[in-house]
Amino acid sequence: MQITGAVALVTGANRGLGRRFAAALVERGAAKVYAAARNPETIDLPGVVPLRLDVTDPASIKDAAAVAGDVTLLVNNAGSSTGASLLGGSLEDIRLEMDTHYFGTLAVTREFAPILERNGGGAVLNVLSVLSWFTAPQVAAYSAAKSAAWSLTNALRLELAPQKTQVTALHVGYMDTDMAKHVDGPKIDPAVVAGLALDGVEEGRFEVLADDISRNVRAGLAGELPGLYPALVS
Ligand SMILES: NC(=O)c1ccc[n+]([C@@H]2O[C@H](COP(=O)([O-])OP(=O)(O)OC[C@H]3O[C@@H](n4cnc5c(N)ncnc54)[C@H](OP(=O)(O)O)[C@@H]3O)[C@@H](O)[C@H]2O)c1
């Protein structure tokens, strides 16, 4: 699908990658960009339409859909990162990850699927991660939720095909945003990632692998597990 002339909605658009998505969409000539956020008063981008949307709150999703009935591109970007491990972390944090990344993405997409259909099909872009394919104790709850969101994305691609809604998955390693501010080491610029992902949407790609770590880990899934987890070999 073409970005020029599209009507886009980005969740979590007030900061981080979502803010870069909203800016890139405006720059590329989207007809309208709904910048959705839990607190829309924190949206500071010119040229967008601020919209209240908490992806874990069904009433807020319904209210947003009632306003944004012209959407043709849904960007499911909102995400949490609690740092919870699965055995040591609180169940509340583990549930929050699933509620945000899996049930949140599912609920927003279910609400907007009929809107996309009415508007000709359009596209959904789901922000996933290299951690959909790889885990570690300090990101285990997040990874499990991103794995679930990956499976969800694959299922949505099939379920939405008959209504001609294209579904693109974005996988990326660490980006330079608040979510990864505790991480030392290389982090990709979220503005670059937003650009690559929107290129992928325009090209009708099923997946966008934004960096080497995503490409390497995805390739590593075809090998034996110790290739990805050397600690398994003692
Ligand atoms: N940063 C990384 O290294 C990295 C790597 C791979 C994938 N990702 C993914 O990229 C996406 C964007 O993350 P980011 O790096 O930009 O993180 P970020 O800077 O922490 O921003 C997270 C965004 O999600 C919003 N959000 C959280 N829970 C929400 C909810 N229930 N409803 C609506 N919005 C909610 C936040 O809103 P508030 O301001 O209200 O909190 C914020 O706008 C996420 O899906 C994340 O998992 C990030």
message: I want to make sure I understand the PRE zone here: with the label point 7 angstrom from the Cα of A161 toward its beta carbon, which residues in the range 107-142 have backbone N atoms less than 17 Å away?
response: 121-124
- line: Heavy-atom accessible area of E203, protein chains in place, probe 1.4 angstrom, given in Å² to nearest 10, is 120
query: ³J(HN,Hα) across the range 45-55 via Karplus (A = 6.51, B = -1.76, C = 1.60, θ = phi - 60°), whole Hz, x for Gly/Pro?
result: 8, x, x, 10, 9, x, 9, 7, 7, 9, 5
message: To test your reading of the geometry: what angle, between 0 and 90 degrees and rounded to tens, separates the Cα axis of helix 105-118 from the longest principal axis of the chain?
response: 30
task: For the chain, find the longest principal axis of its Cα atoms and tell me its angle to the long axis of helix 190-202, 0 to 90°, nearest 10.
output: 60
message: Could you work out how much longer the chain between L45 and L86 gets when fully extended? Use 0.36 nm per residue separation minus the Cα distance between them, nm to one decimal.
response: 11.0 nm
- line: Between the modelled labels at D199 and Q2 (7 Å from Cα along Cα→Cβ) the distance in nm is 2.0
222 nm mean residue ellipticity, helices alone, for the chain (DSSP H n ≥ 4; -39,500 (n - 2.57); rounded to 500): -11500 deg cm²/dmol
- line: Expected field for Y102, accessible surface area in Å² at 1.4 Å probe radius, rounded to 10, holds 60
Accessible heavy-atom area order of R95, R157, R19, R110, highest first, probe of 1.4 Å: R110, R95, R19, R157
- line: Projected onto the charge dipole of the chain (unit charges on the beta-carbon of Lys, Arg, Asp and Glu, signs +1, +1, -1, -1), the Cα from P190, I61, H171 with the largest positive-side position is that of I61
message: Quick check for me: using +1 on Lys/Arg Cβ and -1 on Asp/Glu Cβ, what's the dipole size of the range 1-98 about its Cα centre, in debye to the nearest 20?
response: 260
task: Give me the number: length gained by fully extending D63 to E27, i.e. 0.36 nm times residue separation minus the C-alpha to C-alpha distance, one decimal in nm.
output: 10.3 nm
- request: Please work out whether the chain counts as rounded, prolate or oblate from its C-alpha gyration tensor, where a ≥ b ≥ c are the square roots of the eigenvalues and a/c under 1.5 means rounded, while otherwise a/b larger than b/c means prolate and anything else oblate?
  value: prolate
- request: Could you state how much accessible area M179 has, in square angstrom rounded to the nearest 10, with a 1.4 Å probe and all protein chains kept in place?
  value: 80
task: On a C-alpha basis, how far is the centre of the range 69-90 from the centre of the range 39-55 in Å? Whole number, if you could?
output: 17
- request: If a/c stays under 1.5 just call it rounded; otherwise compare a/b with b/c (prolate if a/b is bigger, oblate if not). Do that for the range 108-155, with a ≥ b ≥ c from the square roots of the Cα gyration tensor eigenvalues.
  value: prolate
- request: Assign unit charges at the C-beta atoms only (+1 for Lys and Arg, -1 for Asp and Glu), then state the dipole size of the chain relative to its Cα centre in Debye, rounded to the nearest 20.
  value: 300
- prompt: Expressed as a rounded percentage, what relative contact order does the range 7-232 have, with Cα pairs under 8 Å and six or more residues apart?
  reply: 18
message: Please list 3J(HN,Hα) in residue order for the range 143-153, calculated via the Karplus relation 6.51 cos²θ - 1.76 cosθ + 1.60 where θ = phi - 60°; whole Hz, with x for glycine and proline.
response: 4, 4, 5, 6, 5, 4, 5, 5, 4, 4, 4
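The values are calculated or read from the model by the stated rules, or taken from the named source; none is laboratory data. In this text, all values refer to a predicted model and were calculated from it rather than measured experimentally. Every residue, glycine as well, gets a Cβ built from its backbone with ideal geometry; the counts of neighbours run over all protein chains shown. Only protein heavy atoms, including side chains, enter the accessible area calculation; ligands, DNA and RNA are left aside. Shrake-Rupley method; radii C 1.70, N 1.55, O 1.52, S 1.80 Å.
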